[in-house]
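The values are calculated or read from the model by the stated rules, or taken from the named source; none is laboratory data. Since the model is a prediction, treat every value here as computed from it, not as a measurement. For neighbour counting, all protein chains shown are included, and Cβ atoms are generated from backbone atoms with ideal geometry for every residue, glycine included. Surface areas here come from the heavy atoms of the whole protein model, side chains and all, with no ligands, DNA or RNA. Shrake-Rupley method; radii C 1.70, N 1.55, O 1.52, S 1.80 Å.
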Amino acid sequence: MYANLFLGYWEREIFGEGVQAASHAQCWYRYIDDIFVVWQGTEPGFRDLIRELNSNPYNIKLTYTIDAKEIDSLDIKILVDSVGNIQSDVFRKATSVNSLLHATSAHLSSTIKAVPNIFGAPKQRWGCFPCGSCLACHNIDRATYFTTSDGGRDYRIVHYISCSTTFVVYYAVCPCNLIYVGLTSLELRTRTREHVRDIVAAKTCTDPSALKTIPGHFRLRHNCDPTGLRIRGIDKVHMGTRGGNSKQVLAQLECRWIVSLNTMSPHGLNEKLSFAPFL
Ligand SMILES: [Zn+2]
Ligand SMILES: [Zn+2]
């Protein structure tokens with residue numbers, strides 16, 4: 001499981017140099033350890049790539065599903081319709097697999113152009129949305145994506161998250177764009193208000209060294225003004241679909257996003273990273 005944390009670094013290696021066959025991948029989207037690829041090439045060529053990727057020093061083994069017409073990836077069914085366009089539909093996933101869509105050249109140009117839109121298809125209302133009627137709304141972002149601490153990479157939010165959503169991984173951003181990744185099993189609005197209260201309380205705190213990271217930073221840099229705090233729900237645990245202990249799964253997601261978004265101090269505002277949820 002530790003290996004999954006390093007998929008991001010590994011991908012850079014794959015596309016940076018070395019793996020020649022990867023140039024047939026028309027797109028490559030990863031959500032934690034699920035990867036969605038549109039492949040323009042032969043099926044044996046794809047199997048060669050998997051073989052090559054699976055002989056890696058990280059002990060990462062990819063499993064895959066190939067289909068020319070339809071594939072289930074994460075919570076969506078992605079299919080090529082009769083005229084060669086890609087369509088998507090919500091799909092409740094039964095098992096965890098890495099998926100691959102084999103796009104034959106006949107589908108290509110329109111198909112490939114359509115791919116980036118799959119994750120933001122208009123019928124899905126995915127993203128983080130303030131409810132519009134609570135105190136926490138002031139601090140909660142309306143957004144469909146989130147970025148790494150250096151702004152170098154965007155990720156789509158592939159859930160619907162609002163003020164009342166529970167079991168959420170969120171990121172908190174200050175006016176100087178430092179990111180803190182956190183989790184809450186309570187409603188996102190409850191955790192948001194706690195952050196705001198902590199920041200306000202920091203103003204009159206007599207022992208600044210005892211402050212938690214966010215209030216400490218807001219005292220040092222932002223005059224304890226909580227209006228500059230932006231909260232964005234970025235991921236959540238689907239009850240009953242991932243199995244196991246929801247709180248543990250939530251902690252695993254938080255840990256993965258701290259690594260993927262590179263939010264450990266000094267790049268971001270996270271001070272602690274525990275691998276305990278994986279043990
Ligand atoms: Zn609200
Ligand atoms: Zn700041």
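Can you tell which of 245, 223 is within 14 Å of ligand 2 (Cβ to nearest atom), farther than 21 Å from residue 151 by Cβ and open to solvent by 60 Å² or more (accessible area, probe 1.4 Å)?
223
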Looking at region 152-178, which of its residues are of a type in the set (S, T, N, Q) and either assigned to a loop (DSSP other than H, G, I, E, B) or away from ligand 1 (no atom under 16 Å from the Cβ) (or both)?
164, 165, 166, 177
Region 200-215, residues that are more than 11 Å from ligand 2 (Cβ to nearest atom) and either closer than 12 Å to residue 175 by Cα or crowded, with 19+ Cβ neighbours inside 10 Å (or both)
202, 215
Scan of region 249-264 for residues that are polar (S, T, N, Q) and open to solvent by less than 60 Å² (accessible area, probe 1.4 Å), ordered by number
252, 260, 263
Are any residues in region 159-174 of a type in the set (Val, Ile, Thr) and surrounded by 19 or more Cβ atoms within 10 Å (Cβ to Cβ), and if so, which ones?
161, 165, 168, 169, 173
Subset of region 226-242 (residues that are assigned to a strand (DSSP E or B) and either open to solvent by 80 Å² or more (accessible area, probe 1.4 Å) or among the acidic types (Asp, Glu) (or both)):
235
Residue list for region 175-199, filter: open to solvent by 70 Å² or more (accessible area, probe 1.4 Å) and within 16 Å of ligand 2 (Cβ to nearest atom)
175, 177
I'm trying to understand the selection: among the residues of region 208-261, which are among the hydroxyl-bearing types (Ser, Thr, Tyr) and in contact (Cβ under 8 Å) with a residue 24 or more places away in the chain?
213, 227, 241, 246, 260
